[in-house]
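The next block holds one structure in the form of structure tokens; read it before the comments.
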């Protein structure tokens, strides 16, 4: 399936891109997380402390992904 | 002794004056309170629910007064 | 800073006066005359004060708040005179390093002013206007 | 009303928008970048956001606050971009009939926004300016 991945804050600074499209062969958010860490080993720490949103909704790691989903890597938020 | 008495809010509306000077023969605030009620029977209810300030300080009924004091009759406050 | 005034309260002005490099939070309370169902046709509220003593009590409350909550700056303003509905009659503003003490102090000051400062209101109804 | 903006926040404007006959209390929280001793020479904070989602989360918080606290109007504004010290980066304003629910809701909203809305800050130091 084709997914769009969005990077924010520290994840963006390490990966050095705001977003990218990926071909993903797994099923769950958890598998996608591993894929990201494999691709960018330096981002592992940030990704491990991040939560994820799928199509603008916070999502659990067990969630199933589907073609066309937009997945955001959300490091600990710091608004205010 | 000569005292200055200030009236506020409901007390002012009943007594129909903002302030007055009185010759007072007693000693304590409690006695002054009775003097005021004797002079203006209609203000009794308001004076009984009021507190008093002597020279800008809240004061107990037992406080002794002295010549030249300014006594304020302070009905329940309603600021804000 | 404590003040009793007839003029409208300029909150932008108050906010500017509170800004400090080391303050991260400002909490404001604004009180306005309120029209509630049981009140009937309220058009305004007329506030009177024992001004000298009100200022003294307000200053005491400011000092106590600074001691208790360790906040940075405090502004307390109360208006007197006839205040139409929707205009601010009472303002408390507190700047602090963190929001905890800001919220705590602002709430405490509002309660203290309402309980202790010699200010009174007289509700002006639509009828009383025409009489 | 929720908003994410680059422009300065006009609190007078926000206050006007909240006025209602039946509201007696308005509580504001204003957050500003803070210079603390341990931070060194902070000159500004650069805020970034996942804007679409931040707006959605802010709207959810507003709706929840209205349900939980029965307040009248809520305004939540967060700025993005580089914010100098002493400028407001974050505003929450709540109008309500009484001060209890106003203070409760404002505090709750501030905490929720800080915990849940995807906004991040990068502290800009004096050196990083020149590098």
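The values are calculated or read from the model by the stated rules, or taken from the named source; none is laboratory data. Bear in mind that the values here come from a model prediction, so they are computed numbers and not experimental data. Backbone-built Cβ (ideal geometry, glycine too); neighbour counts: all protein chains shown.
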**Study point:** Residues of the range B:59-80 satisfying the condition of being more than 8 Å from every other protein chain (Cβ to nearest Cβ) and either within 28 Å of residue C:82 (Cβ to Cβ) or surrounded by 15 or more Cβ atoms within 10 Å (Cβ to Cβ) (or both)
**Key:** B:59, B:63, B:65, B:69, B:70, B:71, B:73, B:76
Point to revise | Lone qualifier among A:4, A:42 - being part of a helix (DSSP H, G or I) and exposed (fewer than 15 other Cβ atoms within 10 Å of the Cβ) | key: A:42
Point to revise | Considering residues of the range D:41-74 that are in a strand (DSSP E or B) and touching a helix residue (DSSP H, G or I) at 6+ places or on another chain (Cβ under 9 Å) only, the residue nearest to residue C:102 (Cα to Cα) | key: D:74
Check your understanding: If a residue has to be over 15 Å from residue B:19 (Cβ atoms), free of Cβ contacts under 8 Å to residues at least 40 places away in the same chain, out of contact with any helix residue (DSSP H, G or I) (no Cβ under 6 Å at 6 or more places or on another chain) and not in a strand (DSSP E or B) to count, how many in the range B:51-75 make the cut?
Key -> 2
Review point. Within the range D:75-91, restricting attention to residues that are surrounded by 24 or more Cβ atoms within 10 Å (Cβ to Cβ) and in contact with a helix residue (DSSP H, G or I) (Cβ under 8 Å, 6 or more places away or on another chain), which residue is farthest from the other protein chains (Cβ to nearest Cβ)?
Key: D:76
Practice item. State all residues of the range B:7-23 that are more than 11 Å from residue B:69 (Cα to Cα) and either more than 11 Å from chain C (Cβ to nearest Cβ) or part of a strand (DSSP E or B) (or both); if no residue qualifies, say none. Key: B:7, B:14, B:15, B:16, B:17, B:19, B:20, B:23
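May I ask you to verify whether residue D:7 is exposed (fewer than 14 other Cβ atoms within 10 Å of the Cβ), modelled with pLDDT of 95 or more, more than 14 Å from chain A (Cβ to nearest Cβ) and more than 11 Å from the chain's Cα centre (by Cα)?
Numbers: exposed (fewer than 14 other Cβ atoms within 10 Å of the Cβ): yes; modelled with pLDDT of 95 or more: yes; more than 14 Å from chain A (Cβ to nearest Cβ): yes; more than 11 Å from the chain's Cα centre (by Cα): yes.
It is true that residue D:7 is exposed (fewer than 14 other Cβ atoms within 10 Å of the Cβ), modelled with pLDDT of 95 or more, more than 14 Å from chain A (Cβ to nearest Cβ) and more than 11 Å from the chain's Cα centre (by Cα).
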Review point. Restricting the search to the range D:92-127, which residues are more than 13 Å from chain A (Cβ to nearest Cβ), assigned to a strand (DSSP E or B) and crowded, with 24+ Cβ neighbours inside 10 Å?
Key: D:93, D:94, D:95, D:96
Review point. Is it fair to say residue B:30 is in contact (Cβ under 8 Å) with a residue 12 or more places away in the chain and either more than 24 Å from residue C:115 (Cβ to Cβ) or within 12 Å of the chain's Cα centre (by Cα) (or both)?
Key: yes
Check your understanding: Quick check: is even one residue across the range C:33-46 exposed (fewer than 15 other Cβ atoms within 10 Å of the Cβ), in contact (Cβ under 8 Å) with a residue 12 or more places away in the chain, within 14 Å of the chain's Cα centre (by Cα) and more than 10 Å from chain D (Cβ to nearest Cβ)?
Key -> no
Check your understanding: Residue check, residue C:61 against (1) modelled with pLDDT of 90 or more; (2) within 12 Å of chain D (Cβ to nearest Cβ), all met but one. Which one?
Key -> (2)
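If I filter the range D:5-19 for residues that are farther than 21 Å from residue C:12 by Cα and either touching a strand residue (DSSP E or B) at 6+ places or on another chain (Cβ under 9 Å) or assigned to a loop (DSSP other than H, G, I, E, B) (or both), do I get at least one hit? Reasoning before the result, please.
Of the residues in the range D:5-19, the ones farther than 21 Å from residue C:12 by Cα are none.
Within the range D:5-19, none of the residues are farther than 21 Å from residue C:12 by Cα and either touching a strand residue (DSSP E or B) at 6+ places or on another chain (Cβ under 9 Å) or assigned to a loop (DSSP other than H, G, I, E, B) (or both).
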